[in-house]
Amino acid sequence: MREIGSQFGGVDILFANAGVSQTPPLNELTEADFDALIGINLKGVVFAVRHSLPLLNDNASIILTGSVAACKGRPGDPLYAASKGAVRAFGRTLAMDSHVLARRIRVNVITPGATATPLTEAATADPQVNEAIAAMIPMARWGEPREVAEAALFLASDASSYITGAEITVDGGWAHA
């Protein structure tokens, strides 16, 4: 953040998009596994925001990436779901912070569902898993990274100037199915 500040002076958009899902089953989970996942999915997001706050311009936009797993759960990976639930709560609470509001900084969360990314590569490569997940989604398909990016662009733009503390779910209807 110091480098960004010295090169650019200020920040208009912070997109804290962090997420891994590589934990063993809960009965095998170690503190090191916990610390690694929470360190990336939650701590990384919190401290990216914390260290960017002095650089954020008035009317800036903070966009955090959650997950539909925070709403639906994630069988076999409760720690991932918990970490993304924490990101969601962090964003909603930060949006109500008096210092953030005084500077008209917007804070919102994008909540993707099943999206074909490197994180989901193993699932999308397995035809049975790919089809089973698509069958659970009302739109009957995986999302594309472009579709999540377009939601982020909206939240970064002036078109969202009166939106804060919101969650945009980009999941083909899965969270409400």
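The values are calculated or read from the model by the stated rules, or taken from the named source; none is laboratory data. None of these values were measured; they are calculated from a predicted model. Neighbour counts run over all protein chains shown; Cβ positions are idealised from the backbone, glycine included. The protein model used for the area step is the full one, side chains on, heavy atoms only, and it has no ligands, DNA or RNA in it. Shrake-Rupley method; radii C 1.70, N 1.55, O 1.52, S 1.80 Å.
Our helix-only sum for the chain, with -39,500 (n - 2.57) per DSSP H run of n ≥ 4 divided by its residues, gives a mean residue ellipticity at 222 nm of -12000 deg cm²/dmol. Using a Förster distance of 35 angstrom, determine the FRET efficiency expected from the C-beta separation of residue 157 and residue 30, and round it to 0.05. Here the calculated transfer efficiency is 0.25. Annotation: amide H-H contacts under 5 Å for residue 170 (H modelled 1.01 Å from N, sequence separation of 5 or more, or interchain): 111, 113.
Express the carbon and sulfur contribution to the solvent-accessible surface of the stretch 1-107 as a percent, rounded to the nearest whole number, probe 1.4 angstrom.
Percent of accessible area from carbon and sulfur atoms in the stretch 1-107: 57.
For the stretch 63-177, a crude dipole built from +1 on the beta carbon of Lys and Arg and -1 on the beta carbon of Asp and Glu, taken about the Cα centre, is about 460 debye to the nearest 20.
Compute the FRET efficiency between residue 124 and residue 101 as 1/(1 + (r/R0)^6), taking r as their Cβ-Cβ distance and R0 = 45 Å, and round to the nearest 0.05.
For residue 124 and residue 101, the calculated efficiency is 0.65.
Accessible surface for the stretch 35-177, divided over its residues, is 50 Å² per residue with a 1.4 Å probe.
Under the classification rounded if a/c is under 1.5, otherwise prolate if a/b is larger than b/c and oblate if not, where does the stretch 42-102 fall, given a ≥ b ≥ c as square roots of the Cα gyration tensor eigenvalues? It is prolate, given that a/c is not under 1.5 and a/b is the larger ratio. Among 71, 54, 39, which residue has its Cα furthest toward the positive end of the charge dipole of the chain, with +1 on Lys/Arg Cβ and -1 on Asp/Glu Cβ? Going by the Cα projections, it comes out as 54. Rolling a 1.4 Å probe over the protein chains gives residue 141 an accessible area of about 90 Å². Here the Karplus curve 6.51 cos²θ - 1.76 cosθ + 1.60, taken at θ = phi - 60°, turns the phi angles of the stretch 5-17 into couplings of x, 6, 7, 10, x, x, 10, 9, 9, 10, 10, 8, 10 Hz, with x standing for Gly and Pro. For the stretch 112-118, putting each phi into the Karplus relation 6.51 cos²θ - 1.76 cosθ + 1.60 with θ = phi - 60° gives couplings of x, x, 4, 10, 6, 9, x Hz, in residue order, rounded to whole numbers and with x for Gly and Pro.
Using the Cβ-Cβ distance between residue 139 and residue 17 with R0 set to 22 Å, the FRET efficiency from 1/(1 + (r/R0)^6) comes to roughly 0.45. The mean sequence separation of alpha-carbon pairs under 8 Å and at least six residues apart, normalised by the residue count of the chain, gives a relative contact order of 23 percent.
Counting only residues 5 or more places away or on other chains, whose amide H sits under 5 Å from the amide H of residue 62 once H atoms are built in the peptide plane? Hits under the 5 Å cutoff: 14, 106, 107, 108. Shape of the stretch 1-115 from its Cα gyration tensor (a ≥ b ≥ c, root eigenvalues): rounded if a/c is under 1.5, otherwise prolate when a/b > b/c, or oblate? The shape class here is prolate.
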